[in-house]
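The values are calculated or read from the model by the stated rules, or taken from the named source; none is laboratory data. Computed from a predicted structure; not experimentally measured. So basically every Cβ, Gly included, is an ideal-geometry build from the backbone, and we count neighbours across all protein chains shown.
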Amino acid sequence: MLLFIIIGLTLLALIIQIFYVRYMPIKGIPCLDSIKNSDREKVTLDIRDYQQSFQDQIDHAIILPVPYLRRYYQEIPAKKVHIVASDHLEKNIAIRFLKSKGFEVIGYTLTDCKCKKKIEHFA
């Protein structure tokens with residue numbers, strides 16, 4: 001009986017952790033309308049799929065989709081990062097991962113957000 005309780009609590013903790021990483025918003029990271037990449041210490045990181053990034057290109061952005069972050073995060077040249085994502089799920093996963101690797105995420109932009117202007121604003 002005790003074994004079933006331990007297994008149940010372990011599964012519950014795993015499910016809570018998965019939902020936290022994916023769906024809980026990150027406090028202190030502002031949603032920005034425009035991307036000004038005038039500072040050399042900042043980089044714009046486009047974490048959308050390659051198909052979306054190709055259709056709505058952003059000047060001077062590094063395209064690195066979320067599934068490739070763990071493998072290629074060392075190639076991001078600056079420690080200050082602005083995230084361009086298509087939805088909150090991508091944004092949350094990328095911000096948490098980059099913060100755990102020592103990057104400072106200064107803001108994000110959602111391209112599929114209904115309340116914001118589309119990506120033509122950046123090009």
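Note on the stretch 45-112: no enclosed strands (runs of 3 or more DSSP E) hold 2 or more residues that are polar (S, T, N, Q). Check the stretch 45-67 and report whether any residue there is under 16 Å from Asp112 (Cβ atoms), surrounded by 14 or more Cβ atoms within 10 Å (Cβ to Cβ), touching a Lys or Arg at 6+ places or on another chain (Cβ under 9 Å) and of a type in the set (Val, Ile, Thr). Checked against the condition, which is being under 16 Å from Asp112 (Cβ atoms), surrounded by 14 or more Cβ atoms within 10 Å (Cβ to Cβ), touching a Lys or Arg at 6+ places or on another chain (Cβ under 9 Å) and of a type in the set (Val, Ile, Thr), the stretch 45-67 yields at least one hit. When the residues of the stretch 63-78 are filtered to those that are in contact with a strand residue (DSSP E or B) (Cβ under 7 Å, 6 or more places away or on another chain) and farther than 14 Å from Ala94 by Cα, the one that is modelled with the highest pLDDT is Pro77. For the stretch 14-31, taking the residues that are among the aliphatic types (A, V, I, L, M) and more than 12 Å from the chain's Cα centre (by Cα), the one that is nearest to Val81 (Cα to Cα) is identified as Met24.
Would you mind stating whether Ser34 is at pLDDT below 90, within 18 Å of Asp112 (Cα to Cα) and assigned to a loop (DSSP other than H, G, I, E, B)? For Ser34, the condition - at pLDDT below 90, within 18 Å of Asp112 (Cα to Cα) and assigned to a loop (DSSP other than H, G, I, E, B) - is met. Of all residue pairs spaced 6 or more apart or on separate chains, those with beta-carbon atoms under 8 Å, a first member in the stretch 77-105 that is touching a residue at least 60 places away in the same chain (Cβ under 8 Å) and a second member that is assigned to a helix (DSSP H, G or I) and hydroxyl-bearing (Ser, Thr, Tyr) are His88/Tyr23; Leu89/Tyr23; Asn92/Tyr23.
None of Lys99, Lys91, Lys118 is surrounded by fewer than 16 Cβ atoms within 10 Å (Cβ to Cβ), modelled with pLDDT of 90 or more and at negative phi except Lys99.
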